Every structure is written in structure tokens, then in C-alpha cells.
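Step one of this worksheet: look at the structure below.
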């Protein structure tokens, strides 16, 4: 029984990270209809940024989050303004945008490799090895903090999207970009800002990731996959939907140890995705995934 | 505006036939260094593989980031049969190809997905395949991989096996493009729902072409294994290898028949050069290349070539008008 | 002789009931008009009949045989649709657009398909555009192409989704004549939905009226025009001769104005 609780707790903690990763991908897709294939790369960049700030400047990774968020935001804005914007409008969802962003991912990966070599890194702080007792099980402090931050991010995102003018504009553009130009919303600016927010979320997720798991320049593919699974399961319209989906994926991953051999647990999310798509093409929350 | 698929001009066909003839005779006439032999044979194998990738990525428009899985399955099945069952080599290659084709059918549920969803699903497909094969030690030798016995004669002859294979696949590619199958695939690419609305079963034809693609890529894997004599799962089925297929097709010109050929050749050449001189830059350079191609010349080298040809024709017409 | 029978067609999208127990019959060589205010369920009805949407309940029978989706199977059975917003295959020529649809039609063989395609193209009057890409056609041209593509599948029933909307009056008249020829010369039954009242009133042998997913009236055009339920639900005052065409955003930009004829 305690084992069960252990795993439940582990899943909940992981879910926070997965949700944060998924928000970044989902926001960009929901608004621009572009799948940011560089998402995993930005997560990796965020991880390295947090690591550098910690190693070279001694900044606590969690405190570095605003810096990383800002930097990742800037990266996203640059990506949009210089590259994504230049795609012909109809190509938004097509192979062109995929390949373009994939190219960006390769470049990011190479830069990281040049700067930091291909070795695994991790952010280890004074309290990394500490743990607390939660519900009778030992939980690493870092994971607790990650969950806390993830919850804060989710709440903030919800507030921004629902209560601010920017959030309203973003939601309007996601619904119908053409009508938005008619009422005077600068759609391009919204696209740019949304892309930036999406990459900011990815960058922050990267820092959080780095405090729990090791990473290297080639990291990002599994994170991209997981984010994608969560987005598809959770639907595009709903922050809580994504949170629930993140929990489901985390639970599936943690509990799959009983069913699957160890090396397949990381791909559980993907298997889950295939199963869901085959059985319920509309995702769990009824979003149309098949055009 | 005329139809977008340019009929292959007679001069180009003649050029290709001549090129093929020269390549076929080359090793007999000239003493090829192992380096050159390697370069050419790898190119031929890759040409075939990328042409087959292009059937999915270019004809139907479903960009696969997981084709290494098919490449690897073909290679490992072929190698395993050679080591354990001692079948004649071509039979092993064919068996590998068939297994890869069947394995491609396992992706059937994914084929209902469109565009980015399909592409991301293929990343997962590739990753799972890699992990499963890495841990299936009895079959693939695990992380240490499989070593095939050295056969210098076979290695030398593989030049012609690979060349013939590449030519056959190129011909098949052109044939598919012009057939009713090709037409249906293009219709699916343009608008899958509208294609269904005129009676085309989108899942069936995508299954067919994915299976064909998998079979050919699996065969190229088998040839690769025989040529290089050593294969291991993280290399053969890795994401980097899947990336290579995409890069070759896009650099050469996705969707065209000539593109994969150019892309494969350029890729092999550049990769060999970069790996020798600037190994640490090669991914980034490819990334930049990809970005530039998508933004400026989506049809890659083929597109550039067409533009050059068109410009030359325009200049020639201008000159003849001036003379008159 | 009854050709198509749809019974109890119901479609629910979550809480929304798009079609509510709709019955429909179509006789051989008949032109049936389906009208109704926006949101009445006309396009959903078409999608269900064409097989691209599965009804929550109900069935469609063509010549006594049950017809189900998915869309490509319905087409092979003999029911084909055109789209409200035209969807030509932009990467294929006009001829290839029609050819790819003709390949599967009953009457096998690939050369025969090419002949069929050529014949259908000349029927709609697009023969001289055969080698052009759809983007070079005007809207009327693309609508003709859409019709040609549907016809070349060799259907028994063709569903025309607002085929006249958005074209100028001369073209609309030409289209009306074309639709009549589809029935008269090719023996194909037609179900058409339209907002352009004069077209649907003059072409239809019978009209069915939908409102909020339910069938509220059925009869000849004259009966329908006088039916108070229909007038209340839809027509309001007498319809102006030129109802503004449906402001549906076009999928492709219009080419320079050119007469398709």
C-alpha cells in the first residue's frame, strides 16, 4: 500500500513538470496552428541557461526562472519574427513549418554542443539531495518545489488568458484570426507574443526539468513527445484539461513499471497516445485531432 | 500556368543513362580507392532509401521522422539471418525488406493522423523501435550490435548491387508518380477529405505507399549492413538517422523525383567532409541549410536547378530576339 | 421509383442536436431541394448522406441497399457530394482533378477513365482548361470543376451544396441549366441545397424544409412558398429576386475575371 502511495505522489510531482511543458506547446499550436518542433530544443536551452546561471553566477535555479523565462521569450519572439512569420500563410500547419522549426532545433542543439560538450549535466543545489516526508514517503525537495512552481504557472496562465486584455486577444485570435483583423487586433503581434510566451513556458519547463533529471544537447525528443501527448489528451482549450492529462500521463508512466519492462516506461506516453487516438480520435476532451 | 510536374526532358534522360553507364563501368576501368568506393556505394544505397522516403514525405505529404526504424529493422533482420541461418545473401536482404514492409504496416493507426500529428507520431514510432531493438539482445546483440563476417568480394560487388538498386527504385519512383496511384497520393496530399469525397480510400493508399516505402528502406538497410559489416541499434535506428532521411529529401527537393538523388549525393559528400573537418558543426549547418531551403527555395537543389534552367532559357530567348 | 430513402437521421454533437429524426426520399431522376435558415442542418445532412459523418442514429438506403460511411465507400455505392466552399486539388491540373475521381467509377480500366474524364469535362464546359491548374479558374470555373469531379465518379445521386451561391446571375442561369442537364441527360438524381431562392425554386421538383435540425415541411415549390410554417421559419417577407449570395470565405484567391465559356 505504501508503495502505491509512493508512486501516486511521484506521479503528481511529475505531472506538474509535464503540464508546464505542455502549456508551451499547446499555446503555440492553439493560437498559431503551428507545431513547434523546436519545443524540445527550447526546453534544452532553458535547462542549460538555468545550469549556467547556477554554475557561473551561483543563482538558485528556481530564482533564475524569471531570467530564463525572459530569455526564452526573447528567443521565441526572434524565432517568430525572423522565421515563422515568413512562411506563406497556408503553410502554417504543413510540413514547411515543421521542417523549419526542426532546423532551428538542430541549430540550437549544435550551439549547445559547442558551448557545453555533449556530456550529461544536471543542476545540483545544496538542497537537491534533501527530502521531506509527504504522506509517509520521502519526497525530494526539488520535486516539491517544481510542483509548486508548476501550479503557480498554471494559475498565472489561467489568469492572464481569462482576465487580461492580452489574454482575451490571444483567445480571440485562436478562435478566428481573420475576424480579429477586422476588429483592429494586430494579429501578427499576437502571434509573436504567443510564440514568445510558448517558448518562455518551454524554457521554464527546461529549468524545472534540469533540477530533477540530467540533460545534454540531444535532450528534447522525449520531452517533445510527452508534451505532445499531453496536449492531445488534454485538448487545446483548457488549462485544467492539460493539467489532468499531464497527471494521466505521469500516472501511466509511473505505474507502467508493473506491466512493462523498465526501458519502455519512457515511451508509455507515446503508447498511450496511439491507444487514445485509435479509440477516440477526438482526444479525451473532445478536441478534433484528425483534420 | 501549366501542370506542376515537369515532364523529364529527353536531354536529362540521356544524361542519366550516360551517367549510369559511366558509373557501372567505373570500377572496372579505374582503380577506385576504398574511400571513393565507400562514398559511391553509400550514396547509391541512400539514394534508394531517400527516394522511398519521398514517396511518403513528398508524394503523400506525410513527413516521417521515424524512417530509421524501417532501415534498422531491414538491416537487423538481414544480418541476423546471415549469421544464424546462413541463407544466401540476397535472400537475407529480401527477407529484411519484407519484414520492414510488414513492420511499416504496424504504423497503420498512425496513418489516420494528418500533418504534424503524423510527423510527431513517427518520432515516437522511431524511438520505441530503437528502444525495443536495443534491448532485444538475442536478436540485435543489444548495444554491442552485430558484426558480419568480412567478405571483401561481396563488399566490392555491393557497388553494383547498390547502383542497380538505386536505378530500379528511381524508375519505380517515376512510374509511381505517373500512375494512377501517384495521382491518388497527390490528391490525398492536397486535400485528404476531398479525396475521400471522390472515392479515394485515404487509409488504404497510405498503407500501401508506407509499406512500399518501408520495404525499399528495409532493403537499403540490409545492403548497408552487408557493406559496412557492423550495425548497432542506436546508430541504425537512432533519431539522427531518421533526421538524415528528412534532410536528404528536403535538401534535394521534397516531392520531386530528382530531389532525393541530389540530396543523397550531396548529403553523403558533405557529411563525409564535415565529419572529417568540422564534425562538431555538422548538425547546425544542416539546420541552417534546412531553414534557408524552407524560407527561400522549398524545392531545394532541384528548385534551384529549375530556376537556373529557366533563367538560362530566358537569356537564350532574349539573345535570339536581339539577333533578329 | 424511389431511389434513395433516408430514415430517422439524427446527429448529435455533444449537446447540440444538428439533425433530429429527419426522413427523406428521393425518386429516380428527381431534383430535390433542401432549404432552411442558417444552422438548420443542411450541411450536416449532406455530410451524413455522403458518409463523411456517421449519424447518431438512422440509416440511408440507396436502391434498397444500406449505405454507410466512410465517405469513399459511399461514393463507390453511388452517392457523391460537392462542397460549399470548393476544394479542388490544387496540385493537379483540371483534367487530373477529374481523372483521379474517374478512376474508381464503375466501368473499369485506366484508359476508359481518361475518356470518361474528358467527356465529363466537356459536359461542364471546361475542356479548354484541361491543362490548367485550378487556381487559374474563376469561382464559377472552380464550381464547374467541383461538379465535374463529382460527376466523373459515376454516381446515381449527386449532392450539390450551394453550388450556385456566389456567382453572378448569368453564371447562375448557366449553372441551373447544367444541373437540369445532369438529371435529363445523365439520369442522375440531384439533391441540392441553396440560399439563392430563384434557383432552387425553379429547379426542384420537390422541396424539403429544415429548421433547427427538424424537417418542418415538404412539397412542391409552390406549396412550400405558400406554407405558413416555412414562411415563419425562413422566408419572412417574400424573398427578393436577388438574395445576396452566401458570404462564404473562398478557399483560394480569385483569378483575373475570365469567362469560363
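General remarks:
- Residue satisfying all of: in region A:236-265; within 14 Å of the chain's Cα centre (by Cα) and within 14 Å of chain B (Cβ to nearest Cβ); nearest to residue B:240 (Cα to Cα) among these: A:249
- Some residue of region B:210-224 being away from chain A (no Cβ under 14 Å), surrounded by fewer than 21 Cβ atoms within 10 Å (Cβ to Cβ), in contact (Cβ under 8 Å) with a residue 60 or more places away in the chain and touching a helix residue (DSSP H, G or I) at 6+ places or on another chain (Cβ under 9 Å): yes
- Filter pass, residue C:148 being within 10 Å of chain B (Cβ to nearest Cβ) and either buried (at least 24 other Cβ atoms within 10 Å of the Cβ) or over 28 Å from residue C:34 (Cα atoms) (or both): no
- Among the residues here, residue B:106 qualifies as within 11 Å of chain A (Cβ to nearest Cβ), modelled with pLDDT under 90 and under 12 Å from residue B:214 (Cα atoms).
- Scanning region C:35-57 for residues that are over 20 Å from residue C:77 (Cβ atoms) and within 16 Å of the chain's Cα centre (by Cα) yields C:35, C:36, C:41, C:42, C:43.
- Lone unmet requirement of (1) within 14 Å of chain A (Cβ to nearest Cβ); (2) touching a residue at least 60 places away in the same chain (Cβ under 8 Å) for residue B:160: (1)
- Residues within region B:36-75 that are more than 18 Å from the chain's Cα centre (by Cα) and either free of Cβ contacts under 8 Å to residues at least 60 places away in the same chain or surrounded by 22 or more Cβ atoms within 10 Å (Cβ to Cβ) (or both), tallied: 1
- Out of C:173, C:147, C:178, C:159, one residue alone is in a helix (DSSP H, G or I), under 17 Å from residue C:203 (Cβ atoms) and touching a strand residue (DSSP E or B) at 6+ places or on another chain (Cβ under 9 Å). It is C:147.
- Candidates B:166, B:172, B:152: the one that is more than 14 Å from every other protein chain (Cβ to nearest Cβ), over 30 Å from residue A:35 (Cβ atoms) and surrounded by 23 or more Cβ atoms within 10 Å (Cβ to Cβ) is B:166.
- When B:96, B:72, B:115 are checked against the criterion of being within 26 Å of residue B:254 (Cα to Cα), touching a helix residue (DSSP H, G or I) at 6+ places or on another chain (Cβ under 8 Å) and at pLDDT 85 or above, B:72 stands alone in meeting it.
- For the criterion of being in contact with a helix residue (DSSP H, G or I) (Cβ under 9 Å, 6 or more places away or on another chain) and either facing chain B (nearest Cβ under 10 Å) or modelled with pLDDT of 80 or more (or both), residue A:231 passes.
- Filter pass, residue B:254 being within 11 Å of chain A (Cβ to nearest Cβ), more than 15 Å from residue B:68 (Cβ to Cβ) and in contact with a helix residue (DSSP H, G or I) (Cβ under 6 Å, 6 or more places away or on another chain): yes
- Residues that are in contact (Cβ under 8 Å) with a residue 60 or more places away in the chain and either facing chain C (nearest Cβ under 7 Å) or crowded, with 20+ Cβ neighbours inside 10 Å (or both) within region B:191-204 comprise just one, B:192.
- Residue check, residue B:306 under 16 Å from residue B:240 (Cβ atoms) and either within 13 Å of chain A (Cβ to nearest Cβ) or crowded, with 16+ Cβ neighbours inside 10 Å (or both): no
- Filtering A:49, A:53 for residues that are in contact (Cβ under 8 Å) with a residue 12 or more places away in the chain, in a helix (DSSP H, G or I) and closer than 23 Å to residue B:280 by Cα leaves a single hit, A:49.
The values are calculated or read from the model by the stated rules, or taken from the named source; none is laboratory data. Source: prediction; values computed, not measured. Cβ: placed from backbone, ideal geometry, glycine included. Neighbour counts: every protein chain shown.
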